[in-house]
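Engineer: Have a look at the structure that comes next, please.
The values are calculated or read from the model by the stated rules, or taken from the named source; none is laboratory data. This one's a predicted model, so the numbers in the text were calculated from it and none came from an experiment. Cβ coordinates were reconstructed from backbone atoms using ideal geometry, including for glycine residues, and neighbour counts include every protein chain displayed. These accessible areas exclude ligands, DNA and RNA; they are computed on the full protein's heavy atoms, side chains included. Shrake-Rupley method; radii C 1.70, N 1.55, O 1.52, S 1.80 Å.
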Amino acid sequence: MKTTGLGILAAMGAATCFSIIDMLFKFLSGDYPLYEVVFIRSVVALAVLLGILMPLEGGFHLIRTSKLKLHLMRSVAVLFANLCFFTGLAIMPLAEAVAIAFATPLVVTLLSVIFLKETVGPWRWGAIAGGFIGILVIMRPGADTFQAAAILPLLGACGYATLHVLTRSAGGTEKAATLSFYPTFGFLVVSSLVGLVLGGGQLATGGESAALDFIFRAWKWPASQDWIYFVGVGLAGSVGGYLVSQAYRLCEATLIAPFEYVAMPLAIVWGVMFFEEWPELPVWIGSGLIIGSGLVSVWRETRRNRAPGRARPRSTG
C-alpha cells in the first residue's frame, strides 16, 4: 500500500510538472523553434539529473544498463510524442490540446492489456469507451470547427502511452534516474543535430504553416527576460521525468495513468490566466467524459480483491 501511495503521489507530481512545461512551451512557441526549447530544456534537465537526482539514487554507475534496447525504444517514443504534442500545443488552445492528450491513460490501458498482460474487466473497458467518446466530442471530426491540428496531440498521446508501457515493462530492474536519463539524453542529441543542420531556418515557411515554423524556424538567442521560462522548462522537465518514471516502475500502468488527469484543471487555469483562452462547451463536455472515465478506473482499482502473491491483478469485472 505504501508503494502504491508513493506511485500515485509521483504521478500527480509529474502531471503538475508537465502542466507547467505545457504552459511555458506555449509562452515560448511564438518566438523560438521547438528544437531550441528542447535543447535548452535538456541541458538544464540533465544538469539537475546528474547533479542531484542520480547521486541521491546511488551514483553515476546508474547510467550503465543491460536494457539499452528498451531505453532506445523509450527515447524514440517520447521524442515522437513531444514532436506531435508540442507542435499541436503551439497552434491550439492550451486546454483543448491537453484534453485530447488525455487519451494517454486510455491508450496505456489498451497497450497494457496487449503487451503487459494486465487484466481489464468490463467496467474499465466501458471507461475506455467513454473516454474515447469524450475525445471525439472535443475533436469534433466532420464538423466545420474540426482542426487537423487536433490529430497532433492525439498522436502525442499514443507516443506517451508507449513510453509509459515500456517503462512499466522495465519493472523494478531500473532506477527512476536511469529511466529518466536516457530520454533526456536523447532529446539533447536530436535537438543538437537538428539545430546544427537546420538552425538557419531554411525549412521555415515564413508564416504559411504555423506548425512547420515552430519546428524549423531559425535559432534565436533567448532574450534576457525569457531565460526564466527556459530554465523553468528544464527544471520541471527533470523533476517531472524522474517522478513519472518512478510512478510507472512502482505501480501498474492501469492504476497510475488516471491520476495524470490533475493536469486538466491546471491547463484550464493557465489558459484563462495567461492566454485568455476560455474552453468552449465541447471541451468541457469531452473533458468531463475523459476524467469521469479515469475516475471509474480508479474506483474499480480500489474495489478489486487482490490475491496474495499474485504479480498481476485478477479480472476487474
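Engineer: For segment 87-126, take every pair of Cα atoms, bin their distances at 10 Å starting from 0, and report each bin as a whole percent.
Structural biologist: That works out to 27, 37, 23, 13, in percent per bin.
Engineer: Could I ask something else about it? With the cut-off at 29 Å, tell me which of the pairs K2/K175; K26/K117; K67/K117; K175/K220; K69/K220 have Cα atoms farther apart than that.
Structural biologist: K26/K117; K175/K220; K69/K220
Engineer: Okay, next question. Could you estimate the translational diffusion coefficient of segment 183-282 from the Stokes-Einstein equation, with Rh from the Kirkwood formula over C-alpha pairs, at 20 °C and 1.002 mPa s, in whole µm²/s?
Structural biologist: This corresponds to a translational diffusion coefficient of 126 µm²/s.
Engineer: Another one. Among P183, L154, V113, pick out the residue whose Cα is farthest towards the positive end of the charge dipole of the chain, where Lys and Arg carry +1 and Asp and Glu carry -1 on C-beta, about the Cα centre.
Structural biologist: V113
Engineer: Okay, next question. If you count, for each residue, the other Cβ atoms within 10 Å and average over each peptide, how do 109-117, 25-33, 224-232 line up from highest to lowest?
Structural biologist: 25-33, 109-117, 224-232
Engineer: Using a 1.4 Å probe over the heavy atoms of the protein chains, calculate the carbon and sulfur portion of the accessible area of segment 1-154 as a whole percent.
Structural biologist: With neighbouring chains kept in place, the figure for segment 1-154 is 74 percent.
Engineer: I need two numbers for segment 227-287: Rg to one decimal and Dmax as a whole number, Cα atoms only, in Å.
Structural biologist: 14.9, 38
Engineer: If you count, for each residue, the other Cβ atoms within 10 Å and average over each peptide, how do 128-139, 240-251 line up from highest to lowest?
Structural biologist: The peptides rank, most packed first, as 240-251, 128-139.
Engineer: Could you state the accessible area per residue of segment 18-147 in Å², with a 1.4 Å probe and every protein chain left in place?
Structural biologist: I get 40 Å² per residue for segment 18-147.
Engineer: Could you give the dipole magnitude of the chain about its Cα centre, charging the beta-carbon of Lys and Arg +1 and that of Asp and Glu -1, in debye to the nearest 20?
Structural biologist: The dipole magnitude comes to about 1680 debye.
Engineer: With +1 on each Lys and Arg Cβ and -1 on each Asp and Glu Cβ, and nothing else charged, work out how big the dipole of segment 1-136 is about its Cα centre, in Debye to the nearest 20.
Structural biologist: 520 debye
Engineer: Could you pull out every whole DSSP H run in the chain that spans at least 27 Å of Cα extent along its own axis and averages -0.5 or higher on the Kyte-Doolittle scale?
Structural biologist: 2-28, 68-91, 151-170, 176-198, 227-250, 281-303
Engineer: Quick one: compute the contact order of the chain, relative version, from alpha carbon pairs under 8 angstrom and 6+ residues apart, as a percent.
Structural biologist: The value is 39 percent.
Engineer: Related question: Report relative contact order for segment 172-290 in percent, whole number only (criteria: Cα-Cα under 8 Å, sequence separation at least 6).
Structural biologist: 24 percent
Engineer: How big is D, in µm² s⁻¹, for the chain by Stokes-Einstein at 4 °C and 1.567 mPa s if Rh is the Kirkwood radius over C-alpha pairs?
Structural biologist: Calculated translational D: 65 µm²/s.
Engineer: If you take the charge dipole of segment 1-158 about its Cα centre, with +1 on Lys and Arg Cβ and -1 on Asp and Glu Cβ, which of P33, P141, A101 is farthest toward its positive end?
Structural biologist: A101
Engineer: Given the DSSP H assignment, sum -39500 (n - 2.57) over each helix run of at least 4 residues in the chain and divide by its residue total; what's the result at 222 nm in deg cm²/dmol, nearest 500?
Structural biologist: -23500 deg cm²/dmol
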